[in-house]
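A short worksheet on the structure shown next.
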Amino acid sequence: MGKRSRRRAGAPTAAPHVGLDPKSAHSEAAEHGRSGVSTQDGPPPPPWAPLPLTEIAVGVGLVMAVGGFVTGGRTGTGILIVGLLLGSVAGFEQSLREHRVGFRSHAAVLAGIPASVLVGVLALLGAPGVVIPPAAVGVLIACYLPLRSDFSRRQADRDL
């Protein structure tokens, strides 16, 4: 049985708030000494909570990527790259938000970003191909370890 499947002994079970508005659910949780934000139900809400900005960015990025691929040529390549970048930024935002509150670990994804940037910079500078993979793995490991320990600490704080 996984860690998320187990319940702590004596932990209150939250009844679903079907048909209630968020304010009454928040006030009921406050009466029971719990915060209004559920730590087990889903990812943390973004600062722009009612607007699904991340989902819109992923959708627009996907449409741009497909459109750029279909268009072809220099214009299509530019549209394709912008679409991929837009989708990547939206995914980065979601994974960073989930990781920072201890909801789900995205340490490898977040550590891959500086490693990818390093690979791009080294390739642009004309570094020998033998140097690039070990440098990328070194940066990946150097970034992964603190990100993973930070997540473990935040998850322990969240479970209290």
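Just one of the listed residues (Arg158, Arg153, Arg100, Arg74) is closer than 25 Å to Pro44 by Cα and surrounded by fewer than 12 Cβ atoms within 10 Å (Cβ to Cβ), namely Arg153. Just checking, does segment 81-94 include any residue being surrounded by fewer than 17 Cβ atoms within 10 Å (Cβ to Cβ), part of a helix (DSSP H, G or I), out of contact with any helix residue (DSSP H, G or I) (no Cβ under 9 Å at 6 or more places or on another chain) and modelled with pLDDT under 95? There is no residue in segment 81-94 that is surrounded by fewer than 17 Cβ atoms within 10 Å (Cβ to Cβ), part of a helix (DSSP H, G or I), out of contact with any helix residue (DSSP H, G or I) (no Cβ under 9 Å at 6 or more places or on another chain) and modelled with pLDDT under 95. A single member of Ala123, Ala108, Ala127, Ala135 is under 20 Å from the mean Cα position of the chain (by Cα), at negative phi and without any contact (Cβ under 8 Å) to a residue 40 or more places away in the chain, and it is Ala108. For segment 134-155, state whether one or more residues are not in a helix (DSSP H, G or I) and not basic (Lys, Arg). No - not one qualifying residue is present in segment 134-155. Determine whether segment 39-55 contains at least one residue that is touching a helix residue (DSSP H, G or I) at 6+ places or on another chain (Cβ under 9 Å), surrounded by 13 or more Cβ atoms within 10 Å (Cβ to Cβ), assigned to a helix (DSSP H, G or I) and modelled with pLDDT under 90. No, every residue in segment 39-55 fails to be touching a helix residue (DSSP H, G or I) at 6+ places or on another chain (Cβ under 9 Å), surrounded by 13 or more Cβ atoms within 10 Å (Cβ to Cβ), assigned to a helix (DSSP H, G or I) and modelled with pLDDT under 90. Exactly one residue among Val82, Val121, Val109 is out of contact with any Cys (no Cβ under 9 Å at 6 or more places or on another chain), under 30 Å from Asp159 (Cβ atoms) and of a type outside the set (Lys, Arg), and that residue is Val109.
The values are calculated or read from the model by the stated rules, or taken from the named source; none is laboratory data. Fair warning: this is a prediction, and the values are worked out from it, not measured in the lab. Glycine gets a Cβ as well: all are built from the backbone with ideal geometry, and neighbour counts include every protein chain shown.
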